[in-house]
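Participant: Starting off with a structure, shown below.
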Amino acid sequence: MTLLVQKFGGTSVGSIDRIEAVADRVMKTYQQGHQIVVVLSAMAGETNRLLGLAKQIDEIPTARELDVLLSAGEQVSIALLAMALNRRGIKAQSLIADQVTIRTDNVFNNASITDVETERLTALLEQDNVVVVAGFQGRDSDNNITTLGRGGSDMTAVAIASALNATECQIFTDVDGVYSTDPRLVPDAKRLDVVHFEHMRTMASKGAKVLQLQSVEYALQHSVPLRVLSSFDDGEGTLVTFDIASTSSIVGIAILGNQVLLDVELSKEELQRQLSLFGVNVWSVTAKADSTQIVASNDDLARLRLVLDEKMRHIGDVSTLSMIGNDILEYSDEIRIFLSEAGIIVHNNQQQTDCLSFLIDKDNHKLAVNIIHKRFVVDQQRLDNPPLLAIY
Ligand SMILES: Nc1ncnc2c1ncn2[C@@H]1O[C@H](COP(=O)(O)OP(=O)(O)O)[C@@H](O)[C@H]1O
Ligand SMILES: N[C@@H](CC(=O)OP(=O)(O)O)C(=O)O
């Protein structure tokens, strides 16, 4: 008998019909003789709806109360799925994180899991229950509700899979695996059968939101077998693996959107001091002649305004385009030329061993990712693997 942890994201449980479809899928796996812990996100749009309510009260709501509010979304979806399974004659119980217990540190809104108790999960599994656990939430050492940061249900699933030594942690979502780039932006994107953990980590850190970054890092550290699958269709999905199996040097392209480029009339040192004092994280800090440019998340704009006030000027909405793979640093100049020929301005660029990143205007990111993907993924793979000549 194998033990599987199956996580279903917001779109996969976005309506009663979708929850019924998840129940059918879970029932099928259960009837094949597997033990299953299901981890659910809130129904699609629900976390944002709750966030919107909070912002009507306060643009920067109290962090503790925000977690009490946002964690409510997952409590709804787990109860509905457990009911749907019960109605099918399957024993199922839903548990919020506090009931499991899933312990975290005390960083409200962005907590890290420190420990998952297995006693209650194991007891329920041994009594043939499907256990349906609320993702995204935990409990700190003072008994407060915490949440794990956006996309945090992936983290819940991986931590439970690790604690229970599950055979596989399966992340079911609205695409049928990890692609060479976001298939919603690039119709030509290719599904990867396997992707190496290190590359997956870089892709997640650069905006490929199909897996949450912390969950990939946790799975890597704790050797949790991880697979991304479609909750809509059957198929093998993408296995995130420790073996290096990729034949081509370029693995994929990630886009990190929702960023702003800001110019601040402060020295780099003074700005960094202010940011760390107020605990605001920014992605890049570049000293200019009389000011400092930073790239930050749009979500932090209200807090940055509070800290920096009139010293801060909003230059524009930007995105980071990153190409990930082995031995790719040699492509840097070629990509810059290619982008400039397409009329796309590169505000800044960075490189690390397996990744090249370019900061571009948000309005250009769809065009940029499409042309870079065609030139460096589709055409390159054609060159690497020419089609065999047909012999008649
Ligand atoms: N390289 C990629 N491969 C697959 N999907 C990607 C990639 N990059 C971005 N995505 C996006 O990730 C989405 C799935 O993540 P998310 O919306 O968080 O799902 P869920 O609601 O199931 O947690 C896909 O719909 C797709 O648009
Ligand atoms: N509901 C949370 C947690 C989550 O993981 O959601 P999803 O799996 O839909 O990305 C969020 O919206 O961030």
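The values are calculated or read from the model by the stated rules, or taken from the named source; none is laboratory data. From a predicted model like this one, the values you see are computed outputs, not experimental measurements. Neighbour counts run over all protein chains shown; Cβ positions are idealised from the backbone, glycine included. For the accessible areas, the whole protein counts, side chains as well, though only heavy atoms, and no ligand, DNA or RNA atoms are used. Shrake-Rupley method; radii C 1.70, N 1.55, O 1.52, S 1.80 Å.
Participant: Can you list residues from other chains, or at least 5 along the same chain, whose modelled amide H is less than 5 Å from the amide H of S112?
Facilitator: D105, V107
Participant: Here's a follow-up. For every other residue with a beta carbon closer than 13 angstrom to the beta carbon of P187, add +1 if it is Lys or Arg and -1 if Asp or Glu, then tell me the sum. Intermediate results must be reported in sequence, preceding the final value.
Facilitator: Details: positive: R184, K190, R191, K366, K374; negative: D182, D188.
Taking every Cβ under 13 Å from that of P187, the sum is +3.
Participant: How big is Rg to Rh over the chain, alpha-carbon atoms, Rh as the Kirkwood inverse-mean-distance radius? Present the calculation step by step, with values, prior to reporting the outcome.
Facilitator: Values: Rg = 22.3 Å, Rh = 22.4 Å.
Ratio value, two decimals: 0.99.
Participant: Quick one: of the DSSP bridges fully inside the chain, what percent are antiparallel, nearest 5?
Facilitator: Numbers: 45 of 73 bridges.
Percent antiparallel among DSSP bridges in the chain is about 60.
Participant: Using modelled backbone amide H atoms (1.01 Å from N, in-plane), which distant-in-sequence or interchain residues come within less than 5 Å of A296's amide H?
Facilitator: Result for A296 returns V260, L262, W283.
Participant: Check the straight Cα-Cα distances from K268 and name the aspartates and glutamates below 12 Å, setting aside those fewer than 8 residues away within the same chain.
Facilitator: The reachable aspartates and glutamates, counting only those whose Cα sits under 12 Å from K268, are D290.
Participant: Pop out the ³J(HN,Hα) list for the range 18-26 in order, Karplus 6.51 cos²θ - 1.76 cosθ + 1.60 with θ = phi - 60°, rounded to Hz; leave Gly and Pro as x.
Facilitator: 5, 5, 4, 5, 5, 4, 4, 5, 5
Participant: Find, among the trypsin sites (Lys or Arg not before Pro) in the range 251-293, those assigned to loop by DSSP (not H, G, I, E, B) with at most 14 other beta-carbon atoms within 10 angstrom. Mind dumping the intermediate values first?
Facilitator: Working: sites: K268, R273, K288; in loops: K288.
Of the trypsin sites (Lys or Arg not before Pro), the ones in loops of the range 251-293 whose Cβ has at most 14 other Cβ atoms within 10 Å are K288.
Participant: Loop-only check: which GluC sites (Glu not before Pro) in the range 40-79 are DSSP coil with at most 15 other Cβ within 10 angstrom? If you can, show how the numbers build up before the last one.
Facilitator: On the way: sites: E46, E59, E65, E74; in loops: E59.
Here the sparse-neighbourhood loop sites are E59.
Participant: A further question follows. For the range 156-161, just list the computed ³J(HN,Hα) in residue order, Karplus coefficients 6.51, -1.76 and 1.60, θ = phi - 60°, integers in Hz, with x standing in for Gly and Pro.
Facilitator: 4, 4, 5, 5, 5, 4
Participant: Given axes a ≥ b ≥ c from the Cα gyration tensor, I'd like to know whether the range 90-153 is rounded (a/c under 1.5), prolate (a/b larger than b/c) or oblate.
Facilitator: Prolate, because a/c is 1.5 or more and a/b exceeds b/c.
Participant: Further question: 222 nm [θ] for the chain, helices only, -39500 (n - 2.57) per DSSP H run of 4+, per residue, to 500?
Facilitator: Values: 14 runs with 136 residues, N = 392.
Mean residue ellipticity at 222 nm (helix-derived): -10000 deg cm²/dmol.
Participant: Of K7/K206; K206/K362; K288/K366; K7/K209; K28/K91, which sit over 19 Å apart, Cα to Cα? If you can, show how the numbers build up before the last one.
Facilitator: Working: K7/K206 22 Å; K206/K362 15 Å; K288/K366 29 Å; K7/K209 15 Å; K28/K91 13 Å.
Table pairs above 19 Å Cα-Cα are K7/K206; K288/K366.
Participant: At 1.4 Å probe size, with every protein chain present, just tell me what the per residue accessible area of the chain comes to in Å².
Facilitator: Details: 18810 Å² over 392 residues.
It amounts to 48 Å² per residue over the chain.
Participant: Mind listing which GluC sites (Glu not before Pro) in the range 167-240 are in a DSSP loop and have 15 or fewer other Cβ atoms within 10 Å? Let's see the in-between values first.
Facilitator: On the way: sites: E168, E198, E217, E236; in loops: E236.
Those that pass, being in a loop and sparsely packed, are E236.
Participant: With θ set to phi - 60° and the Karplus curve 6.51 cos²θ - 1.76 cosθ + 1.60, what are the ³J(HN,Hα) couplings of the range 66-78 in order, to the nearest whole Hz, using x for Gly and Pro?
Facilitator: Here the 3J(HN,Hα) series is 4, 5, 4, 5, 5, 5, 5, x, 6, 5, 5, 5, 5 Hz.
Participant: Still on this model: Measure off, as a whole percent, the carbon and sulfur share of the 1.4 Å-probe accessible area of the range 250-384, all protein chains present.
Facilitator: Numbers: 3110 of 6830 Å².
That share works out to 45 percent.
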